[in-house]
């Protein structure tokens, strides 16, 4: 006889919230349904799928990669090992960017424990109509900005063609088809851009000696995590490039509390 939801959720070695999320994925319902129907008996194919999900989770694979999705700003984004899994800190970064567009000013804001957003005005931002997401990954920043502010022209850049495939698919699914996707290293695709733009980015900022959880270090793409010895290599590159580009009016960057992207280590002539 197949197991019911109640007994399945007693599986050892899995955090309750992870088990509930995976069960909801298996039965194609939400967590509220799972918690309200403990007596629901799993079908044979569902039970097999459940056991496969449990095996993957015990091996350390992130829940979002198992389900293939992650909620961000109230929308469901497709994610897989080609892209970094969006975090709540980056949702708060988007909120910070939306606030900045209404009232541009230098700002430092706590996004999550140990993580901040840094906003810097470089030139007059009062008429900016283009937002550039550097290192777009799943496209969560670019797509959310485009949907929350349909009046904006949004450009999404990533060095990974695989990541751009995921981002484009998310844009199509979520109705943000106007986004311009460009492949390139950091701000290199913007060198000849002649309209005013604002950078909003969650670049790699983890120091090379940092100890990460198994599910992050072993499963998420390293290119989206590591930022050099101090973790601020990409932050400094973006801030320096932004200052040197006459059409860049400012930037909003996510980083660790101890990192200071406001002041480039190498001065721009």
Task: Cα gyration tensor shape for the range 119-269, rounded if a/c is under 1.5, else prolate or oblate - done: oblate
TODO: Quickly work out the residue 188-to-residue 148 label distance, labels modelled 7 Å from Cα along the C-beta direction, and quote it in nm with one decimal.
DONE: 3.0
- [ ] Working from Cα positions, state the angle (0 to 90°, nearest 10) between the long axis of helix 88-102 and the longest principal axis of the chain.
- [x] 40
Task: Calculated P(r) tail over 15 Å for the range 124-176, as whole % of Cα pairs - done: 43
- [ ] Please order 200, 216, 79 by the number of other Cβ within 10 Å, starting at the fewest.
- [x] 216, 79, 200
Task: Fewest-first sequence of 125, 255 by Cβ atoms within 10 Å of each Cβ - done: 125, 255
Open item on the list: Relative contact order of the chain, please, whole-number percent, based on alpha carbon pairs below 8 angstrom and at least 6 residues apart.
Closed with: 17
Open item on the list: Assuming 0.36 nm per residue, please report the length gained on full extension of the stretch residue 257 to residue 211 beyond their Cα-Cα distance.
Closed with: 14.9 nm
- [ ] Sort out for me the Cα centre separation of the range 219-258 from the range 97-149, rounded to whole Å.
- [x] 13
Open item on the list: Just to be sure I understand the model, the point goes 7 Å from the Cα along the line to the Cβ. What's the resulting residue 195 to residue 219 distance in nm?
Closed with: 3.9
Task: the range 67-127: C-alpha gyration tensor shape, a/c 1.5 cut-off, then a/b vs b/c - done: prolate
Task: CD proxy at 222 nm, helix term only [per DSSP H run n ≥ 4: -39500 (n - 2.57); per residue of the chain; nearest 500] - done: -10500 deg cm²/dmol
Open item on the list: Using the basic label-point model (7 angstrom from Cα toward the beta carbon), what is the residue 123 to residue 69 distance in nanometres?
Closed with: 4.2
Task: Gain on full stretching of the segment that runs from residue 159 to residue 18 - 0.36 nm per residue minus C-alpha separation - done: 47.6 nm
Task: Rounded FRET efficiency, nearest 0.05, which uses the C-beta distance separating residue 244 from residue 178 and R0 of 35 Å - done: 0.80
Task: Cα gyration tensor category, rounded, prolate or oblate, for the chain with a/c compared to 1.5 - done: prolate
- [ ] Calculate how many DSSP beta bridges within the chain are antiparallel, expressed in % of all such bridges and rounded to the nearest 5.
- [x] 50
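Read-outs throughout are calculated quantities, based only on the coordinates presented, and are distinct from any laboratory measurement. Quick caveat: nothing in here was measured; it's all calculated off a predicted structure. Reconstructed Cβ throughout: ideal geometry from the backbone, glycine too, with neighbour counts over all protein chains shown.
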